[in-house]
1. In the stretch 342-364, whose amide N lies under 11 Å from the spot 7 Å out along Cα-to-Cβ of ASP191? List them in ranges.
2. Tell me, PHE407, PHE99 in order of fewest to most beta-carbon neighbours within 10 Å?
3. Sort the following peptides by mean Cβ neighbour count (other Cβ atoms within 10 Å, averaged over residues), highest first: 63-73, 84-94, 230-240, 131-141.
4. Fewest Cβ neighbours within 10 Å first, please rank SER199, SER97, SER171 accordingly.
5. Assuming 0.36 nm per residue, please report the length gained on full extension of the stretch ILE397 to LEU298 beyond their Cα-Cα distance.
6. In whole angstrom, how far apart do the alpha carbon centroids of the stretch 7-64 and the stretch 91-122 sit?
7. Using amide H atoms built in the peptide plane, which far-off residues or other-chain residues are under 5 Å from ASN297 H to H?
8. With each label point set 7 Å from Cα along the Cα-Cβ vector, what nm distance links GLU379 and GLU286?
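Rule-based calculations on the coordinates, nothing more; no lab input. Remember, predicted model here, so these are calculated numbers, not experimental data. Note that we place each Cβ from the backbone using ideal geometry, even for glycine, and neighbour counts take in every protein chain shown.
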Amino acid sequence: MKNLLVAQSGGPSAAINATLCGVVEKCLMDGNVDKIYGAKHGIQGVLDDDLLELNGILSDAQSLQLLCQTPSSALGSCRLKLGKWEENEAQYEQIISVFRKYNIGYFIYIGGNDSMDTIHKVSDYCAAKNITDIAVMGAPKTIDNDLAETDHCPGFASAAKYIATTFAELSCDCSVYSIPAVTIVEVMGRDAGWLTASSALARVNGASAPDLIYICELPFSKEQFLQDVRNELAKKPNVVVAISEGIKNEAGDYVTSDLDNRGTDAFGHKILAGAGKYLEEVVKAEIGCKVRSIELNLMQRCASHVASATDIYESRMLGSAAAGYAIAGVTGKMAIVRRTSDAPYRVEFDYAGIEKIANKVKEVPKNWMNPEGNDVTEEMMAYLLPLIQGELPCTYINGVPAHIRLF
């Protein structure tokens, strides 16, 4: 009987541990898996032979439920980019040697775009070396919602629910004064504006905010932005604006690219920050009213206290599906969600080839934004609204939510 190894990678979320829960549940119920191992800190833990056995730690329903309400990556994460195996075969030989040491027949990697790049490379190496007794599967995770082939990604809906909640509360806070003021809220999203678009969900119960929404897929004009803000200020004294952190000008450069040289991360992505602060200074200089900027930052991905029940359920099912596919011998794929209906909302689970997903970005459809490029359409709202439905029971200890630690 073979063992299964699971690891988590990339930016954490409020749902990534629910996917881990699904993997563990499937293995505990399946008679073809003996031991379940977790790699600490993603593929780095595999390379370092730093694994822990999960069978005993997560063997009861209470621990698994607690895992589902714990934000971030319980197994730890990393941002290690594997090179091409032809250029660094020793790295891949080390991965396979660790798999052999622990009799790993199934490897599940939970993560986003860069994590799926790792799955692509490891599965390609196995194919090239005729390693057919190890199945390699990806399980999606990203609050950015930018993975191809899947209708949406685990973690996105919970982040969207947090963002919608925050904008609704900001709407209440900002509306109490009659003095003209602009509040600019910077939302995560380097190359995909799904999260920024989800701020519109704040309006479903009558909140006025956000008044303007700017996503990173559409060219951002500072002049048009200022005119849009002036137009809104002419209607009411308080204006709330949602912007993606990755908004770019007409030339395709990040609007903050001229502020300083921030460098790049391990995957070559430019390190972003300051779009909201930059626009705060622009409004202050050009319009002169009271203005503040808010960067939601890490709260978007770790706010498990307002997680979407739909998101957690689907994340759990995707983890189970990924493990099930691997146990059945499927390799070089990623488990995905297919939406079969909006009303009533229905989905099914499947898998898609990793080559269709790795290093690709699913952008917001341009026609899901209005012609002015500063708000979403009804099509976007119909897509988003089912994803944030439902609230989870939350275990509190000493007045705050309880979380589980695996090591």
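1. The answer is 358-363.
2. Starting with the residue having the fewest Cβ neighbours, the order is PHE407, PHE99.
3. Going from most to least packed, we get 131-141, 63-73, 230-240, 84-94.
4. SER97, SER171, SER199
5. 33.3 nm
6. Between the Cα centre of the stretch 7-64 and that of the stretch 91-122, the gap is 14 Å.
7. Distant-sequence amide H within range of ASN297: MET188.
8. Calculated label separation equals 2.9 nm.
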